[in-house]
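See structure below.
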Amino acid sequence: MKFVILGKDGPEGAQKRPLYREAHLKRLEAWAQQGKVILAGPLTDKIGSLIVVEAESLEEVQAFANNDPYALHGVFQEVTIHPFLQVFPKANLSL
């Protein structure tokens, strides 16, 4: 199942982001090597980041998101996770 992780930056997010970027990217890379990260990147309006992952459960994604360096060190002040149904490309219309 796919999930969208939306990390909204805290008031010091811009200052803290460079300090934890390398650790954040290493964590993403580890999940990407397992085929779990579909895409990730900062939002261009500079309010946070978006990550789309594929995982077995919401709990697995929550653990991943909660232990991300950006979440642990206050880059993100809020992290929300939403189940996601990809219909394009390669539509999967089964609900």
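Any read-out appearing in this document is the output of simple, stated calculations on the displayed coordinates, not a laboratory observation. Values in this document were obtained by computation on a predicted structure and should not be read as measured data. All Cβ positions, glycine included, derive from the backbone under ideal geometry; neighbour counts span all protein chains shown.
Some points to look at:
- Within the chain, longest stretch clear of exposed GluC sites (Glu not before Pro) (DSSP loop, no more than 14 other Cβ within 10 Å): 13-55
- Candidates per chymotrypsin sites (Phe, Trp or Tyr not before Pro) in the chain, loop by DSSP, up to 13 other Cβ within 10 Å: none
- Stokes-Einstein D in µm²/s, Kirkwood radius over Cα pairs - segment 1-72 at 37 °C with 0.692 mPa s viscosity: 264 µm²/s
- Contour minus Cα-Cα distance for Glu54 and Val4 (0.36 nm per residue): 17.1 nm
- Rounded to the nearest 500, the helix-only mean residue ellipticity at 222 nm of the chain stands at -11000 deg cm²/dmol, with each DSSP H run of n ≥ 4 adding -39,500 (n - 2.57).
- By the count of neighbouring beta-carbon atoms within 10 Å, fewest first, Thr44, Thr80 end up ordered Thr44, Thr80.
- Each residue in Leu50, Leu6 was given a count of other beta-carbon atoms within 10 angstrom of its own, and listing them fewest first yields Leu50, Leu6.
- With the simple spin-label model, which puts each label point 7 Å out from Cα in the Cβ direction, the His82 to Thr44 separation comes to 2.0 nm.
- Taking other C-beta atoms within 10 angstrom as a stand-in for reagent exposure, Ser57, Ser49 fall in the order Ser57, Ser49, fewest first.
- Pairs of Lys residues in the chain that lie 8 or more places apart, or on two chains, and have C-alpha atoms under 27 angstrom apart add up to 15.
- Under the combined filter of DSSP loop state and at most 12 neighbouring Cβ atoms within 10 Å, segment 3-94 retains these trypsin sites (Lys or Arg not before Pro): Lys46, Lys90.
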